[in-house]
Amino acid sequence: MPSSCRRLVHDPDGHNAGFWPIPAEYFVTPSNVFFTRSHAATPQIDPATWRLEVCGLVDRPRTFSLAELLNFPERHEAATLICAGLRRDEFLSIGPLPGELPWGAEAASTGVWTGISLADVLSAAAVSPLAKFVEFVGLDACEREGRRFGFGGSIDIAKAQCPEVLLATRLNGAPLAPERGFPVRVVVPGWIGARSVKWLGQIRLSEEPSSNYFQSRAYRLQREVNQNDLRNVTAGVALTEVSLNAVILEPIADQKVPAGPVLVRGWAIGSGGKPLTSIEVSANEGRTWTAARIAVEGRRWTWTFWDATVELAPGTHTLMVRATDSAGTRQPASAWETWNVKGYSNNAWHRVTICVLEPDAKPGL
Ligand code: MTE
């Protein structure tokens, strides 16, 4: 790994960490550079005794061993996993977000996942026509409001039946690492990372969305503060698809670069898997924009790598990036427009301020 790529850790046990900045050659994030977001310790699971229960509104409730699950046809899917807390740190200039991890843009990684289609498992269990949601429950032990329970959440039945939604057993060709969800995790391409439940133990079909804390009390977008209970977002909307987003990877904040042509590079992704139609960079507060070049074209469910060259004179400059997708969606200009109570889904124009030196000065941090 290049020495400029650093591990940023958000908790004392290292259950929440990412790497920054992602090098240009890491379009597929190496497994040891993938970000990790876990709400509790990694459970130790014996694959020989592990079982997956499929229950609720199904005509044939089933319990699968790992070997039985692997009898379904194998499927590969390249997908970028993005935590809903991505770029939450930019909200801290507006106000504190107590109890929330201050993720920067490091909470996103791209992997090639191998597993089986959730849709195949659902059809083996004969889903009832009454089922509208598919809930996933993990085997970890989260503690909230005086209770211990497995992390969980649900997706709607239409997405669950799409072939890209995987029960994954491998990342980038190797078995999942313990912290990545071994032996089996869900991967929901195009949706917030929280629905890609790790250490999967149960799939439950239901008429209602999951009542799990991480669906009913967190991962909800609410802009109005409840004055009786400042952190409460139960009145908000449960997050589903990832937002259109674009991030500058390099230069990094406060980097010193020589005056002249400056290479800016980063990633962008459309909302919920939609293709990108433009990526533009500005170095003058949006007065003019330079169209970025596609450096590595993304697949349906992955980020795209882009770069652009801007001509900069000595002084302090703020670089900005914005993208548009095929639905015509544009990114809001400022974090004041995207702010919400728990700090999710920040997709305001990403800004990085750098210091441009006289042409013969030595670059660096
Ligand atoms: N699944 C379980 N069981 N427990 C968790 O804490 N975190 C979720 C999701 N699945 C989580 C989980 C969140 S918020 C994200 S962003 C992704 O896993 C992160 O996956 P990763 O750690 O493999 O990057």
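The values are calculated or read from the model by the stated rules, or taken from the named source; none is laboratory data. Everything numeric in this text was worked out from a predicted model, so none of it was measured. No Cβ is skipped: glycine too gets one built from the backbone with ideal geometry, and neighbour counts run over all protein chains shown.
In this structure, does Ala333 turn out to be farther than 28 Å from Ala158 by Cβ, part of a loop (DSSP other than H, G, I, E, B) and modelled with pLDDT of 95 or more?
So Ala333 passes the test.
Limited to region 95-132, what total is found for residues that are closer than 30 Å to Glu337 by Cβ and either assigned to a helix (DSSP H, G or I) or of a type outside the set (Asp, Glu) (or both)?
Within region 95-132, residues that are closer than 30 Å to Glu337 by Cβ and either assigned to a helix (DSSP H, G or I) or of a type outside the set (Asp, Glu) (or both) number 14.
For region 26-47, how many residues meet the condition of being within 14 Å of the ligand (Cβ to nearest atom) and of a type in the set (Phe, Trp, Tyr)?
2
If you take the residues in region 52-71 that are away from the ligand (no atom under 16 Å from the Cβ) and in a strand (DSSP E or B), which one is farthest from Ser210 (Cα to Cα)?
So, considering only residues that are away from the ligand (no atom under 16 Å from the Cβ) and in a strand (DSSP E or B), the one farthest from Ser210 (Cα to Cα) is Ser65.
So which residues in region 152-211 are surrounded by fewer than 24 Cβ atoms within 10 Å (Cβ to Cβ), within 18 Å of Ser38 (Cβ to Cβ) and in contact with a Pro (Cβ under 6 Å, 6 or more places away or on another chain), if there are any at all?
The one that is surrounded by fewer than 24 Cβ atoms within 10 Å (Cβ to Cβ), within 18 Å of Ser38 (Cβ to Cβ) and in contact with a Pro (Cβ under 6 Å, 6 or more places away or on another chain): Pro183.
Does region 171-183 hold any residues that are away from the ligand (no atom under 13 Å from the Cβ) and either assigned to a strand (DSSP E or B) or in contact with a Lys or Arg (Cβ under 6 Å, 6 or more places away or on another chain) (or both), and which are they?
Ala174, Pro175, listed by residue number.
Which numbered condition in (1) at pLDDT 95 or above; (2) surrounded by 14 or more Cβ atoms within 10 Å (Cβ to Cβ) is the only one that Ala361 fails?
(1)
For region 32-76, how many residues are among the β-branched types (Val, Ile, Thr), closer than 28 Å to Leu130 by Cβ and surrounded by 13 or more Cβ atoms within 10 Å (Cβ to Cβ)?
Result for region 32-76: 2.
Taking the condition of being of a type in the set (A, V, I, L, M, F, W, C) and more than 13 Å from the ligand (Cβ to nearest atom), how many residues in region 204-230 meet it?
4
Among what's in region 84-99 and is within 15 Å of the ligand (Cβ to nearest atom) and within 23 Å of Ala333 (Cβ to Cβ), pick the residue that is surrounded by the fewest Cβ atoms within 10 Å (Cβ to Cβ).
Arg88
When residues of region 32-81 are filtered for being touching a helix residue (DSSP H, G or I) at 6+ places or on another chain (Cβ under 6 Å) and either closer than 30 Å to Met1 by Cβ or β-branched (Val, Ile, Thr) (or both), how many remain?
Counting residues in region 32-81 that are touching a helix residue (DSSP H, G or I) at 6+ places or on another chain (Cβ under 6 Å) and either closer than 30 Å to Met1 by Cβ or β-branched (Val, Ile, Thr) (or both) gives 4.
Looking at Thr288, Thr302, Thr324, which one is surrounded by 16 or more Cβ atoms within 10 Å (Cβ to Cβ), among the polar types (S, T, N, Q) and assigned to a loop (DSSP other than H, G, I, E, B)?
After ruling out the rest, the residue left standing is Thr302.
Which one of Val257, Val262, Val197, Val186 is in a strand (DSSP E or B), farther than 22 Å from Ala335 by Cβ and within 12 Å of the ligand (Cβ to nearest atom)?
When all the criteria are applied, what remains is Val186.
Go through region 212-262 and count every residue that is closer than 21 Å to Pro189 by Cβ, β-branched (Val, Ile, Thr) and either crowded, with 20+ Cβ neighbours inside 10 Å or modelled with pLDDT under 95 (or both).
2
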